[in-house]
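The values are calculated or read from the model by the stated rules, or taken from the named source; none is laboratory data. This structure is a prediction, so every number in the text was calculated from the model and none was measured. Every residue, glycine among them, receives a Cβ derived from its backbone with ideal geometry; neighbour counts consider all protein chains shown.
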Amino acid sequence: MIAQVGNLACQKDSYRKTLEATVVSIEKSTDGSSLDVVLSDTVLFPTGGGQWNDLGSISGLKVTDVFRKGMDPVHRVVAPAADSPQQALQVGQVVTAEVDWTRRFDVMQQHSGQHLLSAIAGRDFGLETVAWALGEDKSCIEVDLSQRKAPTEAELAALEEAVNSAIRKSLPFSVHVSDSVSDGGAPSKLPSDLAGGVIRHIRIGELDDNPCCGTHVSSTAELQCLKLLHTEKVRGKNMRLYFLFGNRVLSTLHACVSRDRAIGAQLCAGPDAFTEKIGLLQSSLKTLTKVNKTQLKELAEAAAKRMAAFADNLGENSGVLVLAHHRDDADAEFLTILSKAASEKCPGAVFIFSIGAMNEGGAGLVVGPAGKEVEAVWKQFSIAMGSSMKGGGKGGRYQAKASSWLNRKAALEVVGASDFEIEALALNLAQLQNLVKRDAQSYKDEFKQQLRHWTASLAVFALDPAGGGETSGSNLGELISFLSHTVSCYPKDAAAVEFPEQLINLLQTSGQTLKPELRRSMVQALILLRNKDSISVTKTMPLFFSLFRVHDKELRKLLHSHIVADIKNANVKAKNNKLNKTLQNFMYTMLKDDHEIAARKSLEVMIELYTKNIWNDAKTVNVISEAVFSPHAKLASTAIHFFLGTHDEKKNEDDEDEGIDMESIRHKMQINKKKGSKSNMLEKAMATVKRKQRQKERAEVFNFSALHLLHSAQDFTDKLFARLKQITSNSNSFRYELRLAFINLISRLIGIHKLIILPFYTYLTPYLTPHQRQVPKLLAYTAQASHDLVPPETMQPVVQQIADKFIWTNAATEVVVAGLNATREICMRCPLAMSEDLLGSVIEDYKNHRDKGSAMALRALLSLYREVNPAMLKKKHRGKGASMNMAEFKAPSYGSVNVMDMIDGADLLLEEEEHMRNGGDADTSEPGDGWEGWEVASDSDDDEEDSKRKANAKAIVEVLDGDDDDDAEGWVDSDEDDEGGDDDGDEDDEEDEEDDEDEEKEKKAGPKQQKLAKQDARRNLEKKLETSPAKKQKVISSLTERILTDEDFLKMRELSANRKAEVMSGVRKSRVQELMDEDDEENGEAADRDVVDVRRITSGVKRKMTYQERVEHIQEGREGRDKFGSRMGQKKAEHGGSTTNREKSKKTKAFQMIAHKRSVVGKAKRSLREKQQVLRNHITKQKKKGF
């Protein structure tokens, strides 16, 4: 007997800490690392009523969670280690459950305190509690402010005092239990799975009575005290009130005292002097700011001096000298000082000054001697900067404000300005790089000078990695680029050899904090060094994968392309198995990285390597399969789309041209209203898809399906299905489309590997309803998961669900068509899924349905069962082709295998090939074996004769396909032309006479004789179709020496169908061949059986007319009819005048039109006396008129 929730030991006695109980059941949890244990009773409270679950242990095993499953509490216990079998739990074992009392008492204080706080706040202050939340550090109640204003500080203080006063009164907490939820006092909202049980009411003296299932203290005195913290407005007119009770008040006070001590140690003062100390710090900050401005002034004057020296070095210039300077950490006052000092040092030059970060912008200033030169420089500079800068001025001084300085370098080139510190250095480095590559030994000293500059810059950079030290980020990036191009020219220089290692160490230590441009320059330098083989791939790959964590999209794209290209180059000549194994192990660890982006980029690298046939082994596929179970939705989605073969489409979904969902557009065109814009959108999308398809139609390396390389498809699918059920219970974590992808992958695995996962069909069945989102896909996935090894009793409920929900008379046409097509796809793979009664009922309802789509879908299902199991059909539904083979037909059974000694049609294929080798033509071939005595009808040039003959052949093919006997009525008589001569006519007359005699004999014969005659005719027909033993042996020996292709199998099927049609009809083979080709094109024989396309489920649904088609249809109906005209109006227009009242009175109407009128109803209700009075009045009236 299991104690149910409401009567647990922890609820009966909240202070009980241990309990001996019996183990009732043990199950493995979904993650497999824990056990779900059910005890006969427990002292561990399960989650409920806003209260946390308890933690503790069961016989030494740690309990991590306690939750309710129905009315039973379930304990999630850490599974014991394999080396500790003595700790293993067994059903029936008596164990000791112990609760974590410190945590339990804290929860009891907060929960009981919330009851007390809500009761007093609602009764005395009008603050009704609508919700509450228990937090790790603090808890809160949410109160309704729709009927009053927010409480003031005084009211909150009064509320706090009222609650503390009630605590000091030591009011008792008591529990009252009702027998069932049906008794009065039950809360308004109860869990949906709560069946039976009891309702517990918590009473606080006479103050409050509230239903609650949690654990509580015995009296308010144990709450100790209350402290209200702060309020927060939420949800429009609601407010959250945060509070602490009991030990949490003391722990918070202790934390505040510790914090005061730490701050006091920093300020060297007590809490009372904090205000004074902070004031002194603010005063010191003002002083430092003043000093900083003084230093900026000195820096401005120094920069002006350097500008003057730079101008002197340039010498005399025929044009206007334009100098530029930029500083990130300066302000407007720095610009004023710099412009004044620079104008004094270089009176004839024009200066362009700017401050602020490059991507954030700032102030700008263009100064120089008043005149046209400054104005021209300003105009050129402002135009080159574009909309990112605005400003103006006059008299040789122009001020501006820029939102970004990213275009500054290009604008300076337009005006011909020289940045005397940065641009000159960059120009020198570019020139020096060219010279070093040409003659390395001649410029070795210059190279070492730049290498020393790098060492010094590296030391400065180490002091300020985020800011880049004293050297600007672009300057350092250009220096790194220079060294990466030139270090390979000095392979014996120790400092040059250390440069790659220094870059790697710098990125490893400060890669996250570097500026994006500088970090990208370092990565590009390492890529260049790797391409020159100056550094090994084992050193760069871990670094590059770690940089995937950086929030820089361009950098991640660069790393992705390089990693793929690098691994590809390493495996060009031969597979580098050692390197591949090392990198695969490393990527496997990256897939489990906590950073989602890094893990996803690693997965994309592996997928691209697989698709490019670089890593096409089973290990790569199985490493990728681990990503399917990732808790990150995007990571799991990428892996699933890889296995489904839609990874390329998903990767290009951001591209405008590639991101066209044709299935979605077709679906919208079928359901939504038709408009010209949507029709144009469909046409444009089709044109785009065709253009992209032409680009893709080029030779590709065949890559074996990843689904076939899984080590254990059954285990993988079991885990995948368990993951699907887990994410289904939590719909917020994974989107519905991703869950559909999970279902698609599971169904494809089941269908391809013929796996047995019976709960999967039970999982899908409730979703197979017409109103379910994307139900055509669910129907297609259900069909994919069907195969002949699934027990029929498992598939029959699925088919029954589809029949009940989709195939019924009041359902819409598209619903019925989808249901019939889905049923056909399922039965194609699992014929025993359909019961005989259900099949007969569906055929009777829809075989001759007025809707063409439903009738065609039913005919497809009927044709399927005529082929796979005609015994389930009534005799009138089997058709001639199936009825002829019923004698040799064996009904399929579950688990049976059809073993054939020879491939059907193989003898005909060999005959056809032999005839072609002998120089014959396939369309004019002579009849084969078994056709002696048959005449081949000659072709005629007359079109009418061809059409008749084609119609006859078409009817024969339809009969073979299984139509009823009535279908043969469409045959057309073929009369010979008179040009054939009298002899032909006489022969025809003789044949007609023989046919008439045969018909008379058949009429005279009885039913039994007619039946025997039909059986003889059938045996003769089968004898003509069967292959002789000698010829059969020849075919078998020939097949052992060759491999049949898909074209051979298709040809054999066509030849077999033609042979049967010719045996029954005698028409020429070429006519039947043409008709069979047309039918194959219409039915789409090349459809893939493993993957069910959604369009196969919705095929046959009549497309709605577009707006233009509806308008044309209306206009067609209006032809020959006057606008707003009627027959009476036309009559009046022809004869003139209107109808008189006498003519109107003579007109009679149908009784149904006037049966509801009062005069008619009143006549039927008259009494005899009233009828006599009416009759007398009528006679009197007629006498007065003289009648």
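Numbers below:
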read-out: Per-region count, segment 38-51, residues in a loop (DSSP other than H, G, I, E, B) and within 21 Å of residue 199 (Cβ to Cβ); value: 7
read-out: Filter result (buried (at least 21 other Cβ atoms within 10 Å of the Cβ) and under 38 Å from the mean Cα position of the chain (by Cα)) within segment 18-50; value: 37, 46
read-out: Residue list for segment 825-846, filter: of a type in the set (D, E, K, R), touching a helix residue (DSSP H, G or I) at 6+ places or on another chain (Cβ under 6 Å) and modelled with pLDDT under 90; value: 836
read-out: Qualifying positions in segment 142-158 - out of contact with any Gly (no Cβ under 6 Å at 6 or more places or on another chain) and surrounded by 13 or more Cβ atoms within 10 Å (Cβ to Cβ); value: 142, 143, 144, 145, 150, 151, 155, 156, 158
read-out: Residues satisfying the stated conditions in segment 564-579, i.e. out of contact with any Lys or Arg (no Cβ under 9 Å at 6 or more places or on another chain) and either outside the structural domain of residue 518 (by TED's automatic domain parsing) or assigned to a helix (DSSP H, G or I) (or both); value: 565, 567, 569, 570, 577, 578, 579
read-out: Scope segment 371-401; condition of a type in the set (Val, Ile, Thr) and either outside the structural domain of residue 348 (by TED's automatic domain parsing) or surrounded by 13 or more Cβ atoms within 10 Å (Cβ to Cβ) (or both); matching residues; value: 374, 377
read-out: Qualifying residue in segment 109-117 (condition: assigned to a strand (DSSP E or B), at pLDDT 90 or above and of a type outside the set (D, E, K, R)); value: no
read-out: Single match in 152, 102 (criterion: of a type in the set (Val, Ile, Thr), farther than 26 Å from residue 5 by Cα and at pLDDT 90 or above); value: 152
read-out: Test: residue 814 is buried (at least 17 other Cβ atoms within 10 Å of the Cβ), modelled with pLDDT under 90 and of a type outside the set (Lys, Arg); value: yes
read-out: Yes/no for residue 35 being over 30 Å from residue 202 (Cβ atoms), in contact with a strand residue (DSSP E or B) (Cβ under 8 Å, 6 or more places away or on another chain) and outside any helix (DSSP H, G or I); value: yes
read-out: Scan of segment 908-918 for residues that are surrounded by 15 or more Cβ atoms within 10 Å (Cβ to Cβ) and at pLDDT 75 or above, ordered by number; value: 908, 909, 910, 911, 912
read-out: Residue that is modelled with pLDDT of 80 or more and either crowded, with 19+ Cβ neighbours inside 10 Å or not basic (Lys, Arg) (or both), where the choices are 433, 449; value: 433
read-out: Checklist (1) among the polar types (S, T, N, Q); (2) farther than 20 Å from residue 213 by Cα; (3) modelled with pLDDT of 90 or more; (4) assigned to a helix (DSSP H, G or I) applied to residue 86, failing item; value: (3)
read-out: Selection status of residue 81, surrounded by 20 or more Cβ atoms within 10 Å (Cβ to Cβ) and not assigned by TED's automatic domain parsing to the domain that holds residue 219; value: no
read-out: Hits in segment 845-873 - residues which are within 21 Å of residue 889 (Cβ to Cβ) and outside any helix (DSSP H, G or I); value: 869, 873
read-out: Flag for residue 728 being at pLDDT below 90, polar (S, T, N, Q), touching a helix residue (DSSP H, G or I) at 6+ places or on another chain (Cβ under 9 Å) and in a helix (DSSP H, G or I); value: yes
read-out: Odd one out for residue 804 among (1) free of Cβ contacts under 8 Å to residues at least 12 places away in the same chain; (2) surrounded by 15 or more Cβ atoms within 10 Å (Cβ to Cβ); (3) of a type in the set (D, E, K, R); value: (2)
read-out: Residue count for segment 512-534, restricted to those that are surrounded by 21 or more Cβ atoms within 10 Å (Cβ to Cβ) and not in a helix (DSSP H, G or I); value: 1
read-out: So residue 404, is it under 55 Å from the mean Cα position of the chain (by Cα), assigned to a helix (DSSP H, G or I) and either outside the structural domain of residue 475 (by TED's automatic domain parsing) or not aliphatic (A, V, I, L, M) (or both); value: no
read-out: Those residues of segment 779-829 which are closer than 20 Å to residue 894 by Cβ and among the hydroxyl-bearing types (Ser, Thr, Tyr), in sequence order; value: 782, 786, 794, 823
read-out: Qualifying positions in segment 104-130 - of a type in the set (A, V, I, L, M) and under 24 Å from residue 10 (Cβ atoms); value: 107, 108, 116, 117, 119
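Conditions tested, residue by residue: (1) of a type in the set (A, V, I, L, M, F, W, C); (2) in a helix (DSSP H, G or I).
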position: 214; (1), (2): no, no
position: 221; (1), (2): yes, yes
position: 231; (1), (2): no, no
position: 241; (1), (2): yes, no
position: 249; (1), (2): yes, yes
position: 252; (1), (2): no, yes
